[in-house]
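I have placed the structure first, in the form of structure tokens, so that the comments after it can refer back to it.
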Amino acid sequence: MTTRIARQKVLAIVLAGGRGSRLSPLTDKRAKPAVPFLGTYRLIDFTLSNLVHSGVQDVWVIEQYLPHGLNDHLSGGRPWDLDRTRGGLVVMPPFSSPDNEDGEFSQGNAHALAQHAHLIREFGPDLVLVLSADHIYRLDHAEVIRAHQESGASVTMVTTELDDPAGATRFGNVRVDDQGRVTEFAYKPDEPLGPTVTAEVFVYRADVLLGTLETLERRGELGDYGEYLLPELVARGDAYAFALEGYWMDVGTLDAYLQTHRDFLDGKGFALDDPEWPFITSSLARPPAHIARTAHLDDAFVCGGAVVAGEVTRSVIGPNAVVEAGAVVRDSVVQPGAAVRAGAVVSRAVVDTGAEVGAGAGVGGRSANSRPTVVGAHARVEAGADIGPGRVVAPHAVVRPGEEDETAPEAERSE
């Protein structure tokens, strides 16, 4: 019943505990991996779907921040057939122990691995596959594992190429030689090494990982794995890269979140309905979407249960969302259960779950380079209010005309 690929016992660890502050207010009331994507999915669905299609069936999800909604979505692993008698999906919440009765939150992803080192040893894997829970991509992890074995690597980093090398300052940045060996690694550097960055998927030799974590813990050097763990392994001379071919996006900022939706609308993403590699989610059965005779749709995704009677252009309308007659939604994401009332205009914005944009209200900027505007979950923008570009409304807040500056402040700019 244990996952074995290339004759190696494999344990996958999905890191799902981060705060995700750069996606605020979408993450003010939910964990980042539970943020909706394309209406139907949650961000973690892509990580879990890739794992099960790759044949990996021993999956631990390490949680920390607001885990309750995420656990409800995970449903014990049932949607991905990971609700197994032996193995399958195991949720790893924060915990106390005889050595630390008060418990401790992790201070970075390498620290999170170190906290679970004794459990990893008990499981006894040959390889540990470590992944983030909030990236959009398609990847056969079995191919990465086989390449890892052939190279004899201590760690194999899945890498991708950025169109703009300047964006490497947000990621682990690498240089790779002709044999695929990582010769240089920099974590979120001020000056990029080039366009090649880590895609937050790593295969570690378990003995090397555990030994290195133990050494770093003694030195007080854990934190994020880009700070000490990966540089330590690169210095050994046996760290290798595996190039991910195809679409990949870290949706860690509001700009990236909206851009990824645009990419799928433009056909730049990947097939979501490939019968050989379907992306799976936990979702309720919903009635068909209702497109009224007054509706005008141009390049849109409309999910089940939605009611559209207004104009929708280059946008995503989530399950059970409503766009009334006379309303306009452009270049935006209207999340599940949200409503855009008659005469309202929503442009370059995210209207989060259960939020309402009142009749004749305005949300967002009109120009192509406007910063995203976000209306938080279950917030209400009253009729006639006008919220400009780059502003955020906190979950459950109410924005009234004339009070926009107080109740819809400008968002902090992402680094």
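Would you mention how many residues in region 244-255 are in contact (Cβ under 8 Å) with a residue 40 or more places away in the chain, acidic (Asp, Glu) and open to solvent by 40 Å² or more (accessible area, probe 1.4 Å)?
Initial filter on region 244-255 (in contact (Cβ under 8 Å) with a residue 40 or more places away in the chain): 244, 246-255.
Narrowing the set further to residues that are acidic (Asp, Glu) leaves 250, 255.
Still in the running and open to solvent by 40 Å² or more (accessible area, probe 1.4 Å): 255.
Adding up the residues that qualify gives 1.
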- Which condition breaks for THR160 when tested against (1) farther than 25 Å from PRO125 by Cβ; (2) touching a Gly at 6+ places or on another chain (Cβ under 6 Å); (3) surrounded by 22 or more Cβ atoms within 10 Å (Cβ to Cβ)? (2)
- Only one of these is over 24 Å from the mean Cα position of the chain (by Cα) and buried (at least 16 other Cβ atoms within 10 Å of the Cβ): THR373, THR407. Name it. THR407
- Does ILE136 satisfy the criteria of being outside any helix (DSSP H, G or I), open to solvent by less than 20 Å² (accessible area, probe 1.4 Å), among the hydrophobic types (A, V, I, L, M, F, W, C) and modelled with pLDDT of 95 or more? yes
- Item | All positions within region 108-133 that are open to solvent by 20 Å² or more (accessible area, probe 1.4 Å) and among the β-branched types (Val, Ile, Thr) | none
- Message: Looking only at region 358-370, how many residues end up being open to solvent by 10 Å² or more (accessible area, probe 1.4 Å) and either of a type in the set (Asp, Glu) or touching a strand residue (DSSP E or B) at 6+ places or on another chain (Cβ under 7 Å) (or both)?
- Response: 1
- Note on the structure: Note on region 5-63: residues assigned to a loop (DSSP other than H, G, I, E, B), hydroxyl-bearing (Ser, Thr, Tyr) and farther than 25 Å from GLU150 by Cα are SER24, THR27, THR40
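When you go through ALA368, ALA359, ALA383, ALA325 one by one, which is the residue that is part of a loop (DSSP other than H, G, I, E, B), of a type in the set (A, V, I, L, M) and modelled with pLDDT under 95? Talk me through it step by step, then tell me what you get.
On the way: ALA359 fails: modelled with pLDDT under 95; ALA383 fails: modelled with pLDDT under 95; ALA325 fails: modelled with pLDDT under 95.
Matching residue, one of ALA368, ALA359, ALA383, ALA325: ALA368.
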- Query: Out of the residues in region 168-222 that are of a type in the set (Gly, Ala, Ser) and open to solvent by 30 Å² or more (accessible area, probe 1.4 Å), which is nearest to ASP126 (Cα to Cα)?
  - Reply: GLY211
- Being surrounded by fewer than 24 Cβ atoms within 10 Å (Cβ to Cβ), touching a strand residue (DSSP E or B) at 6+ places or on another chain (Cβ under 9 Å) and over 19 Å from HIS261 (Cβ atoms), is that true of even one residue in region 328-338? no
- Message: Pairs please, first residue from region 256-282 and under 17 Å from LEU26 (Cβ atoms), second anywhere and open to solvent by 30 Å² or more (accessible area, probe 1.4 Å) and not charged (D, E, K, R), Cβ atoms under 8 Å, 6+ apart in sequence or on different chains.
- Response: ALA256/MET249; GLN259/MET249; THR260/MET249
- Report the residue count in region 164-194 for those that are among the small types (Gly, Ala, Ser), free of Cβ contacts under 8 Å to residues at least 40 places away in the same chain and assigned to a strand (DSSP E or B). 1
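The values are calculated or read from the model by the stated rules, or taken from the named source; none is laboratory data. Because the structure is a prediction, the values reported are computed rather than measured. Backbone-built Cβ (ideal geometry, glycine too); neighbour counts: all protein chains shown. Note: areas computed on protein heavy atoms with side chains; ligands, DNA, RNA excluded. Shrake-Rupley method; radii C 1.70, N 1.55, O 1.52, S 1.80 Å.
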